Amino acid sequence: MDNLIEDMHRSKKIHSHYDDMTDSTNIISLIQEIQPDEIYNLAAQSHVKVSFETTEYTATADAIGTLRILEAIRLLKFADVKIYQASTFELYGLVQETL
């Protein structure tokens, strides 16, 4: 996977940006600056124990952070931007399959 990401960076097909998902101003500025066709939001608190220890921050960064991206796109009138929102099965707990 690392090789794939490295190749994509080298060919200019993808650009990674690391930012504070709790800061609306930075998110708007970044999206306005790069004017993306697609956004893949991979930002999240990935450690379950830490997420329970810092619940308010985790909710602000994860859930509200996603809302901030959507709001930035709306405010900037970038209606054609496609968004991929990564998530985890842990949001839903144990789900029983039904047929």
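Quick note: the coordinates plus some simple rules give every number you see, no bench work behind them. Predicted model, so just to flag it, every value in this text is computed and none were measured.
So the values come out like this:
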| quantity | calculated |
| --- | --- |
| Cα-based equivalent ellipsoid, segment 19-87: semi-axes from gyration tensor eigenvalues, Å | 24, 12, 9 |
| Contour excess over end-to-end distance, with Cα ends at Lys77 and Ala59 and 0.36 nm allotted per residue | 3.9 nm |
| Cut-off under 5 Å, modelled amide H: who pairs with Ile39 long-range | Lys82, Ile83, Tyr84 |
